[in-house]
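Note sheet for the following structure.
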Amino acid sequence: MKCPICETPMKKEKRELQKGIFALVEVCPKCEDEWIDEKGYEALYALFTRKTFKIGGSLAIRIPKEIADVIGLKEGSDVKLAVREKKIVIEPT
Ligand SMILES: [Zn+2]
């Protein structure tokens, strides 16, 4: 793959995106920009496949710490839940 900006051939490197989350990224040696290939993203999504479980009449999901950290979610945080295009959006208030 070539850099989309300067067309220099890119080097593949394994990078830590967040603590404990690794993805294969392509790095341009010239502009030092990182590009994550699609397979890297797939691996990232697969890492966060979770099963729902029941608490009373509700369904619960464990939110991995890595995901919670990205949006600054902590125990006891208030969140807004919404449904958008058949996906659940969790937003800290
Ligand atoms: Zn470049």
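Coordinate-derived values only; no laboratory data. What you see is a predicted model; the values in this text were computed from it and never measured. Methodologically, a virtual Cβ is constructed for each residue, glycine included, from the backbone with ideal geometry; neighbour enumeration extends over all protein chains shown.
Residue-wise HN-Hα couplings along region 48-59, as the Karplus relation 6.51 cos²θ - 1.76 cosθ + 1.60 with θ = phi - 60° gives them from phi, are 10, 6, 10, 9, 7, 9, 8, 10, x, x, 9, 9 Hz; Gly and Pro carry x. Remark on CYS3: its backbone amide H falls under 5 Å from those of THR8, MET10, a criterion applied only to residues 5 or more positions apart or on other chains, H modelled at 1.01 Å from N. Rounded to the nearest 0.05, the FRET efficiency derived from the C-beta distance between LYS14 and ILE55 at R0 = 41 Å is 0.65.
Close amide H pairs (under 5 Å, H built 1.01 Å from N) link ASP33 with CYS28, residues at least 5 positions away or on another chain. At full extension, GLU32 and ALA68 could sit 10.1 nm farther apart than now, given 0.36 nm per residue minus the alpha carbon distance.
Taking amide H as placed 1.01 Å from N in the peptide plane, the amide H of VAL79 sits under 5 Å from that of THR93, each at least 5 places away or on another chain. Stretched out straight at 0.36 nm per residue, the stretch from ASP78 to GLU7 would grow longer than its current Cα-Cα span by 21.0 nm.
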